[in-house]
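Below is one structure, written out as structure tokens, with a few remarks after it.
The values are calculated or read from the model by the stated rules, or taken from the named source; none is laboratory data. Since we're looking at a predicted model, the values are computed, not measured. Here the Cβ is made from the backbone with ideal geometry for all residues, glycine too, and neighbour counts use every protein chain on show. Surface accessibility is based on the protein's heavy atoms, side chains included, excluding ligands, DNA and RNA. Shrake-Rupley method; radii C 1.70, N 1.55, O 1.52, S 1.80 Å.
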Amino acid sequence: MAGSAPATAFGQAVIGPPGSGKTTYCMGMSEFLRALGRRVAVVNLDPANEGLPYECAVDVGELVGLSDVMDALRLGPNGGLLYCMEYLEANLDWLRAKLEPLRGHYFLFDCPGQVELCTHHAALRSIFSQMAQWDLRLTAVHLVDSHYCTDPAKFISVLCTSLATMLHVELPHVNLLSKMDLIEHYGKLAFNLDYYTEVLDLSYLLEHLASDPFFSHYRQLNEKLVQLIEDYSLVSFIPLNIQDKDSIQRVLQAVDKANGYCFGVQEHRSLEAMMSAAMGADFHFSSTLGIQEKYLASSDQTAEQEAMQL
């Protein structure tokens with residue numbers, strides 16, 4: 001390592017289902033961080049990611065390519081991607097050699113969208129664990145499409161996936177509702193936005209599901225899933241519109257608090273800001289209310305009236 005480079009590095013592991021906006025997030029966040037004066041290195045860990053819109057410091061495609069694996073081993077996209085991650089896990093010396101000259105940068109890892117990699121497959125978790133041994137402090141930034149909030153069944157599914165990911169990845173974790181500007185293009189929310197971001201009393205969602213003839217047959221299963229989510233009480237979300245600087249700033253504050261960057265010495269920080277982060281004094285209600293007013297259509301009806309109609 002260079003003598004002037006700090007021993008500890010910080011970064012984000014950007015994960016989430018396919019199409020949730022991970023690559024767009026990496027591009028937008030990298031531009032925002034550079035505007036703040038941070039030296040940023042974006043690392044593509046997705047072998048299926050082609051035509052990257054951002055400047056890539058390290059590309060796993062140099063080590064292993066998905067199309068080559070599929071052709072050589074006669075695997076489909078899913079099996080090929082799992083093999084690529086296992087191959088990367090077995091060749092972490094290559095990754096470390098690529099990251100070593102970038103020590104002192106803030107890292108953004110653009111990860112594959114294969115859901116099982118973050119819920120039960122061991123390769124990606126092992127890679128993150130090894131990075132921690134290299135004194136690289138990561139926060140898992142988990143993106144899910146915000147429009148899932150418009151469907152109670154899909155929202156419960158998202159909660160289960162987010163919880164499983166948090167427990168499996170074993171990193172400080174920030175969940176994001178991405179594409180907030182499109183949230184009501186697929187339907188109207190039954191409740192205020194903070195109901196979904198703070199994951200409030202889910203029994204109201206069960207009542208919605210019970211009114212559906214299909215889901216009424218699975219009421220007991222849904223009750224158990226909701227009970228599991230509430231027993232852990234780990235999942236919450238931060239709304240994100242990657243084109244809104246204020247939205248990106250709120251996300252970055254949460255990420256910096258999670259991985260400890262806000263307590264470092266890379267940038268000037270006031271004691272007041274550090275104590276605010278330490279005490280958790282970043283109140284989200286007012287910001288969530290502002291986001292609701294910005295992206296959700298106003299209604300003269302109360303949430304209870306809308307729920308009764310649904």
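Quick check: is even one residue across segment 35-46 assigned to a helix (DSSP H, G or I), in contact with a strand residue (DSSP E or B) (Cβ under 9 Å, 6 or more places away or on another chain), on the phi < 0 side of the Ramachandran plot and crowded, with 18+ Cβ neighbours inside 10 Å?
no
If you take just the helices (runs of 4 or more DSSP H) that sit entirely in segment 176-266, which of them hold at least 3 residues that are surrounded by fewer than 19 Cβ atoms within 10 Å (Cβ to Cβ)?
203-210, 219-232, 245-259
Do we find a residue being in contact (Cβ under 8 Å) with a residue 40 or more places away in the chain, of a type in the set (S, T, N, Q), in a strand (DSSP E or B) and in contact with a strand residue (DSSP E or B) (Cβ under 8 Å, 6 or more places away or on another chain) anywhere in segment 139-151?
Within segment 139-151, one or more residues are in contact (Cβ under 8 Å) with a residue 40 or more places away in the chain, of a type in the set (S, T, N, Q), in a strand (DSSP E or B) and in contact with a strand residue (DSSP E or B) (Cβ under 8 Å, 6 or more places away or on another chain).
Among the residues of segment 207-252, write down those that are at pLDDT below 90 and over 28 Å from the mean Cα position of the chain (by Cα).
Selection gives 207, 210, 211, 212, 213, 214, 215, 216, 217, 218, 219.
Against the condition closer than 28 Å to residue 254 by Cα, loosely packed, with under 15 Cβ neighbours inside 10 Å, modelled with pLDDT under 95 and in contact with a strand residue (DSSP E or B) (Cβ under 7 Å, 6 or more places away or on another chain), how does residue 9 come out, does it pass?
So residue 9 does not fit the description; no.
Going by the conditions given, is residue 16 of a type outside the set (A, V, I, L, M), closer than 23 Å to residue 161 by Cβ and open to solvent by less than 40 Å² (accessible area, probe 1.4 Å)?
yes
From the list 287, 270, which one is among the polar types (S, T, N, Q) and either surrounded by 12 or more Cβ atoms within 10 Å (Cβ to Cβ) or at pLDDT 95 or above (or both)?
Matching residue, one of 287, 270: 287.
Of everything in segment 158-173, what is open to solvent by 40 Å² or more (accessible area, probe 1.4 Å), under 11 Å from residue 142 (Cα atoms) and not hydroxyl-bearing (Ser, Thr, Tyr)? Give them in sequence order.
Within segment 158-173, 172 is the sole residue that qualifies.
For segment 10-57, which residues satisfy the criterion of being among the acidic types (Asp, Glu) and either closer than 19 Å to residue 113 by Cβ or under 19 Å from the mean Cα position of the chain (by Cα) (or both)?
Once the filter is applied, which keeps residues that are among the acidic types (Asp, Glu) and either closer than 19 Å to residue 113 by Cβ or under 19 Å from the mean Cα position of the chain (by Cα) (or both), segment 10-57 yields 31, 46, 50.
Is it fair to say residue 154 is basic (Lys, Arg), modelled with pLDDT of 95 or more and not in a loop (DSSP other than H, G, I, E, B)?
No: the conditions fail for residue 154.
If I filter segment 62-72 for residues that are exposed (fewer than 13 other Cβ atoms within 10 Å of the Cβ), touching a Lys or Arg at 6+ places or on another chain (Cβ under 9 Å), under 16 Å from residue 110 (Cα atoms) and of a type outside the set (Val, Ile, Thr), do I get at least one hit?
Yes: segment 62-72 contains one or more residues that are exposed (fewer than 13 other Cβ atoms within 10 Å of the Cβ), touching a Lys or Arg at 6+ places or on another chain (Cβ under 9 Å), under 16 Å from residue 110 (Cα atoms) and of a type outside the set (Val, Ile, Thr).
From the set of residues in segment 82-98 that are of a type in the set (A, V, I, L, M) and open to solvent by less than 10 Å² (accessible area, probe 1.4 Å), which is nearest to the chain's Cα centre (by Cα)?
Looking at the filtered set, the residue picked out is 85.
Would segment 103-110 turn up any residue that is surrounded by fewer than 20 Cβ atoms within 10 Å (Cβ to Cβ) and in a helix (DSSP H, G or I)?
No.
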